[in-house]
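Chemist: Below is a structure I'd like to ask you about.
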Amino acid sequence: MPSFVIKDKCDGCKALDKTACQHICPNDLMVLDKNTMKAFNQDPSMCWECYSCVKICPTQAIEVRGYADFVPMGASVTAMRSSEDILWTVQFRNKEIKPKRFKFPIRRGVAEGQAKAFDHYPTGDDDLKSPTLMSEPAGLNTERGKVKFDKVPTLGK
Amino acid sequence: MADFEVKTVETDLLICGGGMAACGAAVEASYWAKKKGLKVALVDKAAMDRSGAVAMGLSAINQYVDLNSGNNTLQDYMDYVRNDLMGITREDVVANIARHVDSTVHLFEKWGLPIWKDQDGNYVHEGRWQLMINGESYKVIVAEAAKNALAAANAQIFERVFITHPIVKDGKCMGAVGFNVRENKVYVFKAKATLVAMGGAVHVFKPRSTGEGFGRSWYPPFNSGASAFFTIYGGAEMTCQEVRFIPVRFKDAYGPVGAWFLLFKSVATNARNENYMQTNAAELEKWVPYGKVKPVPANLRNWLMMLDVMDGKSPIYMQTADAIKKIADQAPDEKAAKKKLKELEAEAWEDFLDMTISQAILWAATNVEPEVKASEIMACDPYFIGSHSGASGAWVSGPEDLQNSDTKGEYFWGYPNMTTVQGMFAAGDASGASSHKFSSGSHAEGRIAAKAAISYIVDHNEAPKVDQAQVDALKAAVLKPIETFEKFKDATTDPEVNPNYIRAKQYMYRLQKIMDEYAGGVSSQFKTSDRLLEKGLELLAFLKEDAENLAAGNLHELMRAWESVHRTFQAEAHMRSILFREETRWPGYYFRADKPSMDNKNWLAFCNCVYNKDTNEWKMMKKPVKYLSKL
Ligand SMILES: Cc1cc2nc3c(=O)[nH]c(=O)nc-3n(C[C@H](O)[C@H](O)[C@H](O)COP(=O)(O)OP(=O)(O)OC[C@H]3O[C@@H](n4cnc5c(N)ncnc54)[C@H](O)[C@@H]3O)c2cc1C
Ligand code: SF4
Ligand code: SF4
């Protein structure tokens, strides 16, 4: 079962206003069993192994085991995501191969929740019929580029 | 049957979907709606933070035209896309996206997306048009900006609401109908303009893995043809419905190959260590002029590989170890080589961990260390993803300023990205004949479409006159699978097997079997013919009739039922379009055995179609391909 929930670790997100894994799964697979207050994947064969549920679970109760119909047993890939980076651990089937650990940044320079859509570049005109989108033409340029646009380019110009 | 409450939402602009194109639309629409005092609502079947094809993240931004550097022009990008699609492309739409995509990418960076930079502070390119990113949170960041923008415009967001049908009257779109997948609520959205951005379609064809790994298609199982259905059923003219996409990926888990081919300059070979791009090069002559362009079109690269597979020369391998060794060997000394090797290893794994984690699991489970051992690659199954290297979608108006006297009469009708249905706009996978927009271009196109839709609303600022009888009929239709299940479930001892209805999953399997065997799926090696298609359409007609008897035990299954109804329309448009185009043009996507060659004289044209829901009839049309510039 692609994503699976470790029984002892799942607390049903009691402390939160919504069940995190159920909220996030893009395919509506994670559900909370109201009797046991534990979550489960209701249709493993529709799971994309996208790890959205794994990354969001506050108690690290969800892991993924490779699809049983084509993945040999014994390996694992686990993820720990913080607000700035993600830490991966890859364990091989052959335990003689040293597990690999990788840490990658997930965002840069903007704190979680603070992505502001409109504030970065001025918008050139107020004309709904012009091809100028919000933040253009200024936003078409970078400091480093040689060509500076003072209007949205059109063909041959 | 359980009671369902009807919620009516009135808005000016309705955005259907919450993916890359919808997030672009949300940002742009909010900006203009705020100025003009208009209302916006966005509806996603999932949670915007992780919905759509970018849910897992991505490791590259595949469209960055970099006009600002002076290295590329709009014309360069148009040439690239036109050639890759074997001449069938709407240059006006492609150029429109290309001229805006850089500003979208610059905004992504301002919103916090980590784009790789070299020592001089320049973006690191994967290939000419692609930028490398640390993209685990790509979608989270893009959704965050979209949600903040919507909040600034006092817009409404509906998550976990599944859109089933458009509301169209007299050729004009007035909104949409859907239901909440968590609560017994049917939604009626009344809008002055509606923007369709609900992605492409998978599981129309049978995937290679049919056990637990059924969901491991390359394209995410949560995009199920909603855009195609919405536009087709709404009566919009559709284009390129024959142009499916079949990516070549690492075998079974479908990990990306882009970084290997472009960044690491890796070579793929057959089992005898022959590079099929060289040994089968003569075949490219048959597909000139496109066979001779650089880079070789994606479908032709597929085709040269498939020729070897059909010749029994598989497995096909990506020679990862050779590629890594070649790069490390360029280091000045052994210490530097070792360091480089470590770097490359991390980059190789990150490529999977950012966007196809299953492939990392499969590598670990089969003890693959890419620097030591080659890995198998293979063609996946057919998908509908007009934003990538496929082209299926709605036929939309281009912008006025990117037309010449020749194209204007065919390609322009008032508002950029408006379909042929008044007030219905499309972007991303939902709009056709404008491939190679990918994540960034889809976002940019969402912005283009949203600004145009706001402009349309300002010009046509009248309340939608929604016909109550039509809404009541739609509500009844949407809930019918629940009613059918309730009515008959106790007639047998096993609710799975019951002669009165068909469950959503079995319906999907039936569709997939038809498509796989008659429309050139995996098991028929992507080959089909007129006779096969005709037979397939005959069987599809029975399936469509049986859709009336779909049964759903709960809201989740109700969503599954509607997903597959949506897929059915994508399937039918696809078969009819392959049949209509009497040639083989994209041999690596599908091959028509009865018409095995390209016929540029007669078929350098778009195959468009329109569906009439009142008569259940399809009209097929040839539309001219007109370039903005001379070749
Ligand atoms: C495996 C894979 C790898 C890729 N790699 C790259 C890459 O490296 N770089 C790159 O630039 N691009 C890449 N792409 C392409 C990119 O992901 C797409 O081009 C882009 O996401 C298209 O945007 P969209 O808005 O049309 O669709 P999506 O982003 O998929 O969004 C579709 C939205 O519609 C919603 N939806 C669907 N049905 C309904 C319904 N019935 N009701 C309500 N909402 C609905 C979904 O929940 C989702 O929010 C990749 C795609 C895939 C599949
Ligand atoms: S891995 Fe993704 S698709 Fe599978 S259950 Fe978790 S969130 Fe859903
Ligand atoms: S997110 Fe984790 S703790 Fe919360 S319900 Fe899901 S598995 Fe349990």
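Please treat every number below as a calculation from the coordinates, not as lab data. Just so you know, these numbers come straight off a predicted model, no measurement behind them. Ideal geometry is used to build each Cβ from the backbone, glycine not excepted, and the neighbour counts take in all protein chains shown.
Chemist: Lys and Arg at +1, Asp and Glu at -1: add these up for the other residues within a Cβ distance under 14 Å of A:Arg65 and post the number.
Modeler: Computed value for this residue: -2.
Chemist: Around B:Ala364, under 12 Å between beta carbons, what's the net of Lys plus Arg minus Asp minus Glu among the other residues?
Modeler: Once positives and negatives cancel, what remains is +4.
Chemist: Mean Kyte-Doolittle hydropathy of 1.6 or higher plus an axial Cα length of 27 Å or more: which whole DSSP H helices in chain B meet both?
Modeler: Both cut-offs are met by no helix.
Chemist: Follow-up. If r is the Cβ-Cβ distance from B:Thr279 to A:His120 and R0 is 56 Å, what FRET efficiency results, to the nearest 0.05?
Modeler: Efficiency at R0 = 56 Å is approximately 0.65.
Chemist: Just grab the label-to-label distance for B:Ala593 and B:Lys373, each label 7 Å out from Cα along the Cβ direction, in nm (one decimal).
Modeler: About 3.7 nm, to one decimal.
Chemist: Could you give the length gained on full extension between B:Ala152 and B:Asn184, defined as 0.36 nm per residue of separation minus the Cα-Cα distance, in nm?
Modeler: 8.5 nm
Chemist: Considering only the other residues whose Cβ falls under 9 Å of the Cβ of B:Glu557, what net charge follows from Lys and Arg at +1 and Asp and Glu at -1?
Modeler: Computed value for this residue: +3.
Chemist: Ignoring the sites themselves, what is the longest stretch of chain B with no trypsin sites (Lys or Arg not before Pro) in a DSSP loop and at most 11 other beta-carbon atoms within 10 Å?
Modeler: It runs B:1-264.
Chemist: If you keep only loop residues by DSSP, which GluC sites (Glu not before Pro) in region B:217-326 have at most 16 other Cβ atoms within 10 Å of their Cβ?
Modeler: Qualifying residues, ordered by number: B:Glu274.
Chemist: Compare A:Glu84, A:Glu136, A:Glu112 in a GNM of chain A, Cα atoms joined below 10 Å, and give the one with the largest fluctuation.
Modeler: A:Glu136
Chemist: In addition: Which of the trypsin sites (Lys or Arg not before Pro) across region A:17-61 are loop residues per DSSP, with 14 or fewer other Cβ within 10 Å?
Modeler: Of the trypsin sites (Lys or Arg not before Pro), the ones in loops of region A:17-61 whose Cβ has at most 14 other Cβ atoms within 10 Å are A:Lys18, A:Lys34.
Chemist: Cut-off under 16 Å on the C-alpha distance; same-chain residues fewer than 8 positions from B:Lys408 excluded. Which aspartates and glutamates are left, in chain and number order?
Modeler: Partners within reach: B:Glu91, B:Asp92, B:Glu400.
Chemist: Still on this structure, I have one more. Looking at chain B, what % of its DSSP beta bridges pair antiparallel, to the nearest 5?
Modeler: Antiparallel bridges make up about 60 percent of those DSSP assigns within chain B.
Chemist: Leaving out same-chain residues fewer than 8 places away, which aspartates and glutamates sit with a Cα under 18 Å from that of B:Lys190?
Modeler: B:Glu5, B:Glu10, B:Asp12, B:Asp44, B:Glu159, B:Asp170, B:Asp459, B:Glu462, B:Asp467, B:Asp472
Chemist: Next question. Quick one: of the DSSP bridges fully inside the protein assembly as shown, what percent are antiparallel, nearest 5?
Modeler: Looking only at bridges with both residues in the protein assembly as shown, the antiparallel portion is about 70 percent.
Chemist: Could you work out [θ]222 nm for the protein assembly as shown from helices alone, using -39500 (n - 2.57) per DSSP H run of at least four and dividing by all its residues? Round to the nearest 500 deg cm²/dmol.
Modeler: Only helices count here, giving -10000 deg cm²/dmol.
Chemist: Tell me, what ³J(HN,Hα) does each residue in region B:287-294 have, in order and in whole Hz, if you take phi through Karplus 6.51 cos²θ - 1.76 cosθ + 1.60 with θ = phi - 60° and put x for Gly and Pro?
Modeler: 10, 5, x, 6, x, 9, 7, 10
Chemist: Could I ask something else about it? Given the pairs B:Lys475/B:Lys623; A:Lys18/B:Lys513; A:Lys103/B:Lys294; A:Lys55/B:Lys489; A:Lys18/B:Lys110, which are separated by over 32 angstrom at their Cα positions?
Modeler: From the list (B:Lys475/B:Lys623; A:Lys18/B:Lys513; A:Lys103/B:Lys294; A:Lys55/B:Lys489; A:Lys18/B:Lys110), the Cα-Cα distance tops 32 Å for B:Lys475/B:Lys623; A:Lys18/B:Lys513; A:Lys103/B:Lys294; A:Lys55/B:Lys489.
Chemist: Taking the alpha-carbon distance from B:Lys340 and a cut-off under 18 Å, which aspartates and glutamates remain once sequence neighbours fewer than 8 residues away in the same chain are dropped?
Modeler: Straight-distance partners of B:Lys340: B:Asp118, B:Glu126, B:Asp322, B:Asp329, B:Glu350, B:Asp351, B:Glu369, B:Glu371.
Chemist: Find, among the GluC sites (Glu not before Pro) in region B:552-631, those assigned to loop by DSSP (not H, G, I, E, B) with at most 16 other beta-carbon atoms within 10 angstrom.
Modeler: For GluC sites (Glu not before Pro) across region B:552-631 that sit outside H, G, I, E and B with at most 16 neighbouring Cβ atoms in 10 Å, the list reads B:Glu582, B:Glu583.
Chemist: Here's something else I'd like to know. Using the Cα gyration tensor of chain B, with a ≥ b ≥ c the square roots of its eigenvalues, what is the shape: rounded (a/c below 1.5), prolate (a/b larger than b/c) or oblate (neither)?
Modeler: Judged from the Cα gyration tensor, chain B comes out rounded (a/c under 1.5).
Chemist: Once amide H atoms are placed 1.01 Å from N in the peptide plane, what residues at a sequence separation of 5 or more from B:Leu195, or on another chain, have their amide H within under 5 Å of its amide H?
Modeler: Here the answer is B:Leu14, B:Ile15, B:Cys16, B:Phe425, since their amide H atoms fall under 5 Å of that of B:Leu195.
Chemist: Please label the shape of the protein assembly as shown as rounded, prolate or oblate, based on the square roots a ≥ b ≥ c of the eigenvalues of the alpha-carbon gyration tensor (a/c under 1.5 means rounded; beyond that, a/b larger than b/c means prolate, else oblate).
Modeler: Rounded.
Chemist: Rounded to the nearest 0.05, what FRET efficiency do B:Ser405 and B:Lys286 have when you use their Cβ-Cβ distance and R0 = 60 Å?
Modeler: 0.95
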